[in-house]
Amino acid sequence: MISSVSNASVAYSAYGNASRIAKPAPTNDLSATPAQATVCPTAYSMEERIESTYLYNQQGNAVFDPIIALRHQADQGDAESQYQFGLAFDSHLRNTFQSPEESYLRRAAEQNHPAAAREYANRVISTYYNNARGFFSVRPSFEDAEIFFRRAATNGDAQAAISYAELFSKPPILIAGENGSFTHNPILQRDAVRQLNDLQDALHCLRPYAEDGNASAQMEYAKLTFELARRVEESALPHKLQDPYLDVAEAVGFLGQAATQGMPQAQYDYAMLVVNTYQGENSLWPDSLPLPDYDQAEQYLRAAALGPSSNSEARQAYAHMWLSLGPLHDRNGQPIPNPLAQRHAEEQSDNKRFAMNYLYGQATQQRDTQAQYRYVHEIFLQNPLIDAAEGVEFLRQAATQGMPQAQYDYAMLVVNTYQGENSLWPDSLPLPDYDQAEQYLQAAALEPLNSDARQAYTHMWLSLDPLRDRNGQPIPNPLAQRRAEEQLANKRLAMGYLYDQATRQRDTHAQYRYAYQVLVNNKTENINPRADGRDATTVRNEALGLLREAAEKGHPLARMDYGYELLRRAATMKLSREENSLERMLAAHEEAENYLAPANPPGN
């Protein structure tokens with residue numbers, strides 16, 4: 001417990017003398033200013049100055065010390081003195097506190113001192129989010145952060161209102177517990193209705209500051225509104241909100257105002273809101289507002305990319321905006337002209353050059369994986385401006401760092417190089433490692449939705465034909481030289497991918513390729529990833545059904561193969577002595593001719 005004035009420790013020092021003797025408390029006025037009292041000698045340590053109530057000079061008179069005077073005022077209950085003293089010395093005194101309530105910051109906060117409440121809440125959050133133990137010897141309650149951020153917010157502190165909102169918008173799943181352990185964030189343990197009401201309450205605290213034009217509050221208000229709208233839609237519980245009023249249009253307006261004030265993050269957020277609206281990607285733009293100005297979004301994005309605090313996301317978004325000038329889409333999904341594509345050719349060229357420079361800087365200096373991939377994509381597919389060898393290295397680095405799309409693109413670059421199909425592999429580089437390409441393609445194929453990678457991996461393993469060098473001469477396929485067991489395992493995996501795409505996703509090309517492997521290449525022994533014990537006849541019949549489905553969808557090769565399969569079966573029927581075999585043979589012939597006629601698909 002902190003000592004009161006009546007029983008405080010008392011210290012004495014001669015100037016420059018480290019000896020200490022106790023003296024009775026004098027009657028001097030401790031509120032005196034330095035001009036009215038002797039200044040404290042420097043012989044006293046900081047700890048003595050903090051923990052003492054009076055200091056004396058050699059003559060036995062109390063000397064003035066601003067720290068002691070400040071603590072005296074704090075102990076008398078002055079909130080500002082408690083705030084100032086606690087801000088500087090709470091951490092020094094933490095071991096003398098029996099509970100967090102004895103903190104001087106906490107005392108000032110309980111008197112509704114906004115800065116003290118915000119700082120105390122910040123220290124609580126730092127304890128739980130950053131595992132910072134320097135502020136408290138006895139851990140405060142996590143809920144103290146909510147209580148005092150809110151108290152500061154309702155007493156005029158805008159930053160506290162923002163911090164209060166951030167508690168609920170994207171809270172971490174785990175927070176620091178006792179003895180270095182981690183525990184679940186109590187905010188996320190609340191029921192759905194309570195979490196929605198927390199967000200709504202944070203909005204109410206932010207609103208006055210957003211209306212006053214505080215750009216940070218406006219941006220946080222918009223972010224919180226979008227988050228609340230998303231959760232309300234997902235939970236289907238809007239009627240259980242304490243206040244069901246949720247104005248997304250107002251939030252968009254606040255975000256636009258923050259962008260207009262030059263706040264880079266708000267500029268980026270507003271621009272991406274506009275971009276997503278015109279691309280139809282989870283747009284939050286309300287129907288009550290007219291479609292936004294795309295040119296204005298470009299200006300905001302450029303400002304965010306150029307600003308001193310520019311972030312990589314803004315630069316990449318700006319690069320993407322200028323390097324893909326395809327049509328936009330209205331609310332009905334109908335294409336509309338891209339206004340950037342209608343600007344002067346010189347302006348377009350300048351902005352594209354800026355975009356490529358941004359990507360290059362991030363790819364080379366920051367080693368940003370997304371930028372490396374995007375830069376290479378632009379080099380190879382859009383505008384080859386530099387040495388392609390550098391682009392290949394960027395793409396390989398992005399693949400090595402685990403980016404599935406880069407893994408697929410690099411692998412296909414290698415595959416096409418060895419197949420002589422429009423190879424972009426630079427002549428200045430040696431031929432690439434085909435085994436490494438197989439590893440990248442296998443990694444990319446593990447992504448469940450990456451159907452292109454799965455089909456490419458399947459083709460790689462089910463057609464182990466010789467590769468070709470730069471002169472078109474055949475060279476051995478390294479995959480065909482692996483051990484038989486490894487080849488079998490990879491072929492089974494490849495057939496499993498094909499089977500999944502053919503049966504679950506009903507992919508037409510996968511249906512054809514799967515059926516081809518079973519019916520033409522007779523690979524019934526490797527195609528059963530579930531090992532459900534089906535015999536070869538059952539497998540072939542299922543494959544024939546998939547081939548027919550692909551043929552009916554108009555797949556040209558499936559139509560041809562299915563027609564030939566019908567002819568083969570008709571020939572079998574001709575030799576059969578079963579009843580009605582002739583009628584069934586003629587019907588099979590007629591059906592086969594229908595599928596083998598490209599211009600007349602079934603049903604037309």
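The values are calculated or read from the model by the stated rules, or taken from the named source; none is laboratory data. None of the values given here were measured: they were computed from a predicted structure. In this analysis, Cβ positions are derived from the backbone assuming ideal geometry, glycine residues included, and neighbour counts consider all displayed protein chains. Please note that ligands, DNA and RNA were not included when accessible areas were found on the heavy atoms of the full protein model with its side chains. Shrake-Rupley method; radii C 1.70, N 1.55, O 1.52, S 1.80 Å.
When you look at Thr524, is it among the hydroxyl-bearing types (Ser, Thr, Tyr), modelled with pLDDT of 85 or more and in contact with a helix residue (DSSP H, G or I) (Cβ under 7 Å, 6 or more places away or on another chain), yes or no?
When the stated conditions are applied, Thr524 does not pass them.
Determine which member of the set Tyr128, Tyr164 is open to solvent by 20 Å² or more (accessible area, probe 1.4 Å) and either in a loop (DSSP other than H, G, I, E, B) or touching a residue at least 24 places away in the same chain (Cβ under 8 Å) (or both).
Tyr128
What are the residues in the stretch 453-490 that are under 35 Å from the mean Cα position of the chain (by Cα) and surrounded by 16 or more Cβ atoms within 10 Å (Cβ to Cβ), if any?
Those that are under 35 Å from the mean Cα position of the chain (by Cα) and surrounded by 16 or more Cβ atoms within 10 Å (Cβ to Cβ): Ala453, Arg454, Gln455, Ala456, Tyr457, Thr458, Met460, Trp461, Asn490.
Checking the conditions here, which among Leu206, Leu224 is modelled with pLDDT of 90 or more and out of contact with any Leu (no Cβ under 6 Å at 6 or more places or on another chain)?
Leu206
Which condition number in (1) within 30 Å of Ala536 (Cα to Cα); (2) β-branched (Val, Ile, Thr); (3) within 37 Å of the chain's Cα centre (by Cα) is the one that Val520 fails?
(3)
Right, Met356: at pLDDT 70 or above, farther than 27 Å from Glu233 by Cβ and not in a strand (DSSP E or B) or not?
On the way: at pLDDT 70 or above: no; farther than 27 Å from Glu233 by Cβ: yes; not in a strand (DSSP E or B): yes.
Spelling it out, it is not the case that Met356 is at pLDDT 70 or above, farther than 27 Å from Glu233 by Cβ and not in a strand (DSSP E or B).
Say whether the condition of being open to solvent by less than 40 Å² (accessible area, probe 1.4 Å) and either of a type in the set (Asp, Glu) or in a helix (DSSP H, G or I) (or both) is met by at least one residue in the stretch 285-297.
Yes, the stretch 285-297 contains at least one residue that is open to solvent by less than 40 Å² (accessible area, probe 1.4 Å) and either of a type in the set (Asp, Glu) or in a helix (DSSP H, G or I) (or both).
Find all pairs meeting these conditions: Cβ atoms under 7 angstrom apart; at least six residues apart or on different chains; first residue within the stretch 267-282 and without any contact (Cβ under 8 Å) to a residue 24 or more places away in the chain and among the polar types (S, T, N, Q); second residue surrounded by 14 or more Cβ atoms within 10 Å (Cβ to Cβ) and part of a helix (DSSP H, G or I).
Within 7 Å, the pairs are Asn282/Asn276.
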